[in-house]
Amino acid sequence: MGTVQQACLWETLTPEEPLCGALDGHAAVDVCVIGGGITGLSAALHLLEQGKTVCVLEAHAVGHGGSGRNVGLVNAGTWIKPDDVEATLGQPLGQRLNEVLGHAPAEVFSLIRRYAIDCQARNAGTLHMAHNAAGLADLRSRESQWQRRGADVELLTGAECATYCGTDRITGALLDRRAGTINPMAYTIGLAKVVTGLGGKVHQHSPVQTLQREGDGWQVRTAQGTVSAEKVVIATGAYTEGEWTQLRRSYFRGYYYQVASVPLSGAAADQVLPYGQGSWDTRTVLSSIRRDADGRLLLGSMGRANNKPAWFIRSWADRIQQHYFPALGKVDWQMHWTGCIDFTPDHLMRLFEPAPGIVAVTGYNGRGNTTGTVIGQAFARFLLRDEPDALPIPFTPMKSLRAAELRSCAYETGFSLYHAGQCLRVVL
């Protein structure tokens, strides 16, 4: 049994690209984008398409955060049911958000096709898998709510469900044909290549130190340079750093880890998610399951793995794999990695306009591939026309979330205890 390395699979599979190094000196552009993830790069791309000049500042390397470390699910909608979205926001706003995010996978795959982004993209759908009777009832409700809105979703049961999922441990699975999977790091790097190809600058290793008013615009300062811009997009999400913004006080941080096997082959492996969907189950502390283009099995769950010993990680992965896919036998786990998620109490994102000419977003709640793409596009439209109707939801005041650190610690403690119970076969 080999060592389970701490490394992100998507980084190892994605070739490095010759992007700009750290900002050095002064630049003057129409828009400065802070954050080189999916949201910021989508905003930059759509601004450049309309003839604006853009500079992107990334504190680390492009894709360093959740954009490059997530499961790679291209999901439609929000974490919560569409009826709940409308109940929380009110019918008109909730309906608009459901429509925008329901169509978001199509926007992602359209962008991938338009610019020929090589990122293992598969528009084969996703499977939300019911692990018990309560989970099946939840999926029936989701199916009904989305079908009322014209979405191409179907609840699979019986033999059809077992065939699609590759396991008889699932009582039903909601197939969402709008959705799919990608290599998220390759998608993010691909967006950065498009941005530079359109004439934009993407400066890596350039953390922002200050953001200050300068005449009718803004000055963004890093350790080695400055950017003067008419407008600014803040798209740093759960990886927001520094005291120059209060954005990181508007959410509480959660973690998500993944474990990847060596490439698998053979009849038993071919039966696992044979039609290429990514999946996750209905457990409160969910498990995500997918395979990559090389046949690796990827398992994930809420919480951190980068502070756990290798035996714990391997034991957890063995437990999930043996429960769902015992025919695989003993699996050799190759690597594990952890990413951060910006959570909000109601599982809905927030859009902010902290000052004239600055827009910001937080609270994707684990749905950044699709949400980041369409919010980046919406920010570009808003900044081009200064029309609030370009946004899927209105701006809200930026408020500090009470007890954010306590919430984060409480969640992580609960996740760790649950995973320990799984390893000990007390719970599943």
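The values are calculated or read from the model by the stated rules, or taken from the named source; none is laboratory data. These figures come from a predicted structure and were not determined experimentally. Don't worry about glycine lacking a Cβ; one is built from the backbone with ideal geometry, like all the others, and counts go over all protein chains shown. Side chains are part of the model used for accessible areas, which takes the heavy atoms of the whole protein and leaves out ligands, DNA and RNA. Shrake-Rupley method; radii C 1.70, N 1.55, O 1.52, S 1.80 Å.
Hey, among ARG213, ARG169, which residue is basic (Lys, Arg) and in contact with a helix residue (DSSP H, G or I) (Cβ under 9 Å, 6 or more places away or on another chain)?
The match here is ARG169.
Please name all residue pairs, on different chains or six or more residues apart, with Cβ atoms under 9 Å, provided the first residue is in the range 41-54 and is closer than 16 Å to VAL359 by Cβ and the second residue is of a type in the set (Phe, Trp, Tyr) and surrounded by 21 or more Cβ atoms within 10 Å (Cβ to Cβ).
As it stands, the answer is SER42/PHE379; ALA43/PHE379; HIS46/PHE379; LEU47/PHE379, since those pairs meet every condition given.
Go through the range 143-156 and count every residue that is buried (at least 22 other Cβ atoms within 10 Å of the Cβ) and part of a helix (DSSP H, G or I).
Residues meeting the conditions: 1.
Sort out for me the helices (runs of 4 or more DSSP H) sitting completely within the range 1-113 that have 2 or more residues that are of a type in the set (Asp, Glu).
In the range 1-113, 82-89 are the helices (runs of 4 or more DSSP H) which contain 2 or more residues that are of a type in the set (Asp, Glu).
Please name all residue pairs, on different chains or six or more residues apart, with Cβ atoms under 8 Å, provided the first residue is in the range 147-165 and is under 18 Å from ALA269 (Cα atoms) and the second residue is outside any helix (DSSP H, G or I) and open to solvent by 50 Å² or more (accessible area, probe 1.4 Å).
CYS161/THR171; ALA162/ASP168; THR163/PRO274; TYR164/PRO274; TYR164/TYR275
Would you be able to tell me the number of residues in the range 385-417 that are over 25 Å from GLN95 (Cβ atoms), of a type in the set (A, V, I, L, M, F, W, C), in contact (Cβ under 8 Å) with a residue 12 or more places away in the chain and in a helix (DSSP H, G or I)?
Going through the range 385-417 one residue at a time, the tally reaches 2.
Can you tell me which residue among GLY242, GLY295, GLY276 is on the phi > 0 side of the Ramachandran plot, touching a Pro at 6+ places or on another chain (Cβ under 8 Å) and open to solvent by less than 30 Å² (accessible area, probe 1.4 Å)?
Selected residue: GLY295, the only one of GLY242, GLY295, GLY276 that is on the phi > 0 side of the Ramachandran plot, touching a Pro at 6+ places or on another chain (Cβ under 8 Å) and open to solvent by less than 30 Å² (accessible area, probe 1.4 Å).
Would you mind stating whether ARG381 is more than 22 Å from ASN307 (Cβ to Cβ), open to solvent by 80 Å² or more (accessible area, probe 1.4 Å) and modelled with pLDDT of 95 or more?
Spelling it out, ARG381 is indeed more than 22 Å from ASN307 (Cβ to Cβ), open to solvent by 80 Å² or more (accessible area, probe 1.4 Å) and modelled with pLDDT of 95 or more.
Return yes or no: is ASP346 charged (D, E, K, R), open to solvent by 10 Å² or more (accessible area, probe 1.4 Å) and assigned to a loop (DSSP other than H, G, I, E, B)?
yes
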